[in-house]
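The values are calculated or read from the model by the stated rules, or taken from the named source; none is laboratory data. What you are looking at is a predicted structure, and each value in this text was computed from that prediction instead of being measured. As a convention, Cβ positions derive from the backbone with ideal geometry for all residues, glycine included, and neighbour counts pool all protein chains shown.
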Amino acid sequence: MVNWIRSLVVGLGLAGLLGASAFAAASEQSDFLAAAQKAFSDMQDDPDMTWFRDNMKNARAVLISPEIVKAGFVLGGSGGRAAMFAKDQATGRWEGPAFYNLATASIGFQAGVAVSQAVMLVMNEKALNSFLSTKFKLGGDMSVAAGPVGAGAQSSVQADVYTFARSKGLYGGLNFDGTVVSINSGWNKAYYGKAVTPVDVLVRHSVTNPSADPFRMEVAKAAK
């Protein structure tokens, strides 16, 4: 009887530790999403983002990164994490998030470190399908252009992906052409409690996390 009780206590203790570990991991993603939601709201609220607001309804998906770090001297690069929401064409419902890594290498004169918020509008199925692959490079099989900024700004370029970068309230300074996008499998697993792919999250809708609902609803509202 004593051994049985001891085993039960040990088992519960291990379960508690595993649960705490999972909670800590998911909490990291939740903190990231809170920062990403603020970055998205900042873009939405800025009076210079007329084109962005007007074209959210035409986007097939949106990728948001609250922090892209650009650093280096002569040889440098930029990188960060991002979360994607995608629109289900059949239901009109926005699904997500799926987590990604972004990395860009660059050569040229650079000095210091810059931190930017970034949002990408994915405008068609072809571009979205690239994001569903394990790893790909922006500007390869798809066209990437800086999104128009300014009150009443228009774009003369038809692109598969439009990018917006914002650093300390100013726009520009990051070139996403050549950026390598890869799935952050560890974060997706931590957030959904099991190994999942962006296809599971954004296409099949086989997993959800209710804590993302406020962010998802904000994206859906912006796309109306």
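Against the definition (at pLDDT 85 or above, touching a Pro at 6+ places or on another chain (Cβ under 8 Å) and among the aliphatic types (A, V, I, L, M)), how does LEU102 come out, yes or no? Spelling it out, it is not the case that LEU102 is at pLDDT 85 or above, touching a Pro at 6+ places or on another chain (Cβ under 8 Å) and among the aliphatic types (A, V, I, L, M). Can you find a residue that is in a loop (DSSP other than H, G, I, E, B), modelled with pLDDT under 85 and over 22 Å from VAL69 (Cβ atoms) anywhere in segment 157-171? Yes, the conditions are met somewhere in segment 157-171. Regarding MET217, is this residue modelled with pLDDT of 90 or more, of a type outside the set (Ser, Thr, Tyr), assigned to a strand (DSSP E or B) and under 18 Å from the mean Cα position of the chain (by Cα)? In short, no.
Just need a number here: residues in segment 134-145 that are within 17 Å of the chain's Cα centre (by Cα) and either over 16 Å from LEU202 (Cα atoms) or without any contact (Cβ under 8 Å) to a residue 12 or more places away in the chain (or both). Steps first, please.
Within segment 134-145, the first condition is being within 17 Å of the chain's Cα centre (by Cα), and the residues that meet it are 134-138, 144.
Next, from what is left, pick out any that are either over 16 Å from LEU202 (Cα atoms) or without any contact (Cβ under 8 Å) to a residue 12 or more places away in the chain (or both): 135-138, 144.
Number satisfying all stated conditions: 5.
Listed conditions (1) modelled with pLDDT under 85; (2) surrounded by 15 or more Cβ atoms within 10 Å (Cβ to Cβ); (3) touching a Phe, Trp or Tyr at 6+ places or on another chain (Cβ under 8 Å) are all met by ALA111, apart from (2). The residue that is nearest to ALA35 (Cα to Cα), among those in segment 197-216 that are touching a residue at least 40 places away in the same chain (Cβ under 8 Å) and among the aliphatic types (A, V, I, L, M), is ALA212. Within segment 184-214, being of a type in the set (Val, Ile, Thr) and either assigned to a loop (DSSP other than H, G, I, E, B) or surrounded by fewer than 19 Cβ atoms within 10 Å (Cβ to Cβ) (or both) holds for VAL196, THR197, VAL199, VAL203, VAL207, THR208.
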